[in-house]
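The values are calculated or read from the model by the stated rules, or taken from the named source; none is laboratory data. Just so it is clear, the structure is predicted and the values come from calculations on it, not from any experiment. Positions of Cβ are backbone-derived with ideal geometry, glycine not excepted, and every protein chain shown enters the neighbour counts.
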Amino acid sequence: MRKFFILLSTVCIMLMQYASANTPAAQTAVPTPAPAAKDFVQTYATSSENLLYLLLAAINEHKYSIEEIQFKTGSVLFKAYSKEFIASVCTKDGYNSFIKITPADNNYNFSPVLLQRLQSYIDANTGIIFQKVL
């Protein structure tokens with residue numbers, strides 16, 4: 001339910017920005033630069049399934065709280081430093097996949113230490129390949 005409201009609010013914001021950008025007054029005004037986002041986007045030479053398991057292991061290693069896991073879409077909602085984050089794992093091509101971590105409330109006032117910890121854990125353990133046990 002929470003993801004639905006986040007998705008709905010994101011769509012509404014995008015529609016408002018599109019409508020305001022197409023007005024004549026907005027086209028003549030000088031645009032102000034948007035603040036730089038601190039999204040964590042990193043590509044790894046491993047499968048998306050393996051990267052999802054590495055992400056879950058990294059979150060668990062640093063004792064962050066996993067709120068929700070969607071294995072079908074490859075997304076994880078977790079809480080760190082009393083702030084919620086959404087991590088998405090996607091396949092780039094047959095041999096590479098990438099991970100993107102964004103704050104759930106779209107408020108980028110957080111320490112980049114969280115992203116550095118997750119990245120260092122995943123970098124150190126990228127060679128591990130998880131196998132299904134029957």
Is it fair to say residue 125 is farther than 23 Å from residue 45 by Cα and out of contact with any strand residue (DSSP E or B) (no Cβ under 9 Å at 6 or more places or on another chain)? no
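Please state which one of 50, 125, 96, 106 is modelled with pLDDT of 85 or more and at positive phi.
Numbers: 50 fails: at positive phi; 125 fails: at positive phi; 96 fails: at positive phi.
Exactly one of 50, 125, 96, 106 is modelled with pLDDT of 85 or more and at positive phi, namely 106.
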